[in-house]
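Below is one structure, written out as structure tokens, with a few remarks after it.
The values are calculated or read from the model by the stated rules, or taken from the named source; none is laboratory data. Treat the numbers as computed from the prediction; the structure is a model and nothing was measured. Cβ placement follows ideal geometry from the backbone for every residue including glycine, while neighbour counts extend to all protein chains displayed.
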Amino acid sequence: MSYNYNFRCSLCGNEYKPEEIRYLCPECSVDNKKGNPLKGVLLVEYDYEEIRNILADAGKKPDINFLMKYLYPVEEKYFPDYYCGNTPFTKSKNLSRYLNLENIFIKNDSLNPSGSYKDRASFLVVAEANRINEKTIVTASTGNAASSLAAVCAANNSKAVIFVPETAPKAKLVQMYSYGAQVIKVKGTYDDAFAQSIEYTNIQGGLNRNTAYHPFTIEGKKTAGFEIFLQNGSIVPDTIFIPVGDGVIISGVYKAFYDLLKCGITDKMPKLICVQAENSNAIHNFIISGEYKNALNPKTVADSISVKTPSNAYLARRAVTETGGFSVTVSDEEIMLSQKKLASLSGIYAEPSSASVFAGLEKSIRNKLITKNEQIVLLITGTGLKDVDATIRFTEGFEKESYI
Ligand SMILES: *Cc1c(COP(=O)(O)O)cnc(C)c1O
Ligand SMILES: [Zn+2]
């Protein structure tokens, strides 16, 4: 077996062969339990020079098949029978008009089969499990990664073992059970579930899909970046608003455009905008101050981005600072008003974490961080049907100030 990539540690820069390592850089991750976000998360690196040459010889622009052949770490023969990704990318004239801007686009990843962006990561980790002949995949999740992994495992005839905090929304739990996963409810938070799932794989085995723990969670999540580029007529958009919890989606999108740049396919990066909930703001603070601190009490209605100790804070910060982006936080009230605005203006009922990007955009416009004709992409990561209770809880309180 020969590989088309190596791993490189995002902290110390050490390089590893795929066969000698599975999760984090051993040099930088002595204390990878709670409270230390600066783990040696591994990045997948390809032979960019060679890909440049292949492209030059071919003399044409790359399509998705080319990108998936040379810039994806697992071969197609290992893919699970699960169709995800390739979600719509469309301009919203209505949103553009409402915001008095020219170019608002939506990448609608709530249309993945399990209802969230997480399918992209689950797909690649299960493909990797097939490659190494591992039938059990383990994860901790606030809900979407778990329901997604359960779905892909169902299609692939694998076993999903899932650690969820008790607070996970009902619909996400119902999904996990329906897909036939083994669900272990953890008294405590997502961070506690994360620690327990790692203990499980250390003792019992199985492949751990934890976000920013298995390097393919970042690599899997990059495919939306490739799609945005191609669906946009092979043009890099100016700005992408991304909801941030652990910081893996934003790092994945960064990685896609980094790969394209390294291969000489593009010549610039999009500005990546980190949107977090006010109380779950560890990465935001890290970006603003350069100093890392856990979120004090990450309670927010946007459960998918509620994290005390984000597992990918370091790379998320880099994704923002190296692209000239910025970070913004939004309150629960702003998020829930945005959910309604986004739904009634675009026809997309997004889960609160996703709706936060619309709140983040409106706040950035108020703060004069946006120009009128810049091309802006809102990354919608999950469907609102995952947590209708959140909408019901908030609707009453908002009736009076509703803009309708
Ligand atoms: C997981 C998730 C996010 C946040 O992604 P991170 O990689 O944790 O930053 C945002 N929205 C939805 C719907 C999610 O499921
Ligand atoms: Zn390292």
Answer yes if at least one residue in the stretch 130-144 is free of Cβ contacts under 8 Å to residues at least 40 places away in the same chain and outside any loop (DSSP other than H, G, I, E, B), and no otherwise. no
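Yes/no matrix, rows are residues, columns are (1) within 16 Å of ligand 2 (Cβ to nearest atom); (2) among the aliphatic types (A, V, I, L, M); (3) modelled with pLDDT of 95 or more; (4) more than 22 Å from the chain's Cα centre (by Cα):
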position: 3; (1), (2), (3), (4): no, no, no, yes
position: 21; (1), (2), (3), (4): yes, yes, no, yes
position: 28; (1), (2), (3), (4): yes, no, no, yes
position: 84; (1), (2), (3), (4): no, no, yes, no
Looking at the stretch 104-129, which of the residues that are outside any strand (DSSP E or B) and of a type in the set (Val, Ile, Thr) is nearest to residue 150 (Cα to Cα)? 126
Yes/no for residue 218 being buried (at least 21 other Cβ atoms within 10 Å of the Cβ), β-branched (Val, Ile, Thr) and within 16 Å of ligand 2 (Cβ to nearest atom): yes
Residue under evaluation residue 321, criteria (1) at pLDDT 95 or above; (2) closer than 30 Å to residue 219 by Cβ; (3) in contact with a strand residue (DSSP E or B) (Cβ under 9 Å, 6 or more places away or on another chain), criterion not met: (3)
Candidates 312, 285, filtered to the one that is within 25 Å of residue 269 (Cα to Cα), within 15 Å of the chain's Cα centre (by Cα) and either within 13 Å of ligand 1 (Cβ to nearest atom) or free of Cβ contacts under 8 Å to residues at least 60 places away in the same chain (or both): 312
Here are some residues: 161, 126, 183. Which one is touching a strand residue (DSSP E or B) at 6+ places or on another chain (Cβ under 7 Å), over 20 Å from residue 305 (Cα atoms), surrounded by fewer than 21 Cβ atoms within 10 Å (Cβ to Cβ) and among the aliphatic types (A, V, I, L, M)? 183
Being surrounded by 13 or more Cβ atoms within 10 Å (Cβ to Cβ) and within 16 Å of ligand 1 (Cβ to nearest atom): is that true of residue 84 here? yes
Can you report the number of residues in the stretch 349-375 which are part of a loop (DSSP other than H, G, I, E, B) and of a type in the set (S, T, N, Q)? 3
Test: residue in the stretch 206-223 that is farther than 30 Å from residue 159 by Cβ and either among the hydrophobic types (A, V, I, L, M, F, W, C) or away from ligand 1 (no atom under 12 Å from the Cβ) (or both): no
Has the stretch 229-246 got at least one residue that is within 14 Å of the chain's Cα centre (by Cα), buried (at least 23 other Cβ atoms within 10 Å of the Cβ) and hydroxyl-bearing (Ser, Thr, Tyr)? no
Whichever residue in the stretch 298-342 is hydroxyl-bearing (Ser, Thr, Tyr) and under 15 Å from residue 273 (Cβ atoms) and, among such residues, is surrounded by the fewest Cβ atoms within 10 Å (Cβ to Cβ): 321
Inspect all residues belonging to the stretch 343-366 and state whether any of them is surrounded by fewer than 17 Cβ atoms within 10 Å (Cβ to Cβ), free of Cβ contacts under 8 Å to residues at least 60 places away in the same chain and β-branched (Val, Ile, Thr). no
Being in contact with a strand residue (DSSP E or B) (Cβ under 6 Å, 6 or more places away or on another chain) and surrounded by 15 or more Cβ atoms within 10 Å (Cβ to Cβ) is the requirement here; does residue 114 meet it? no
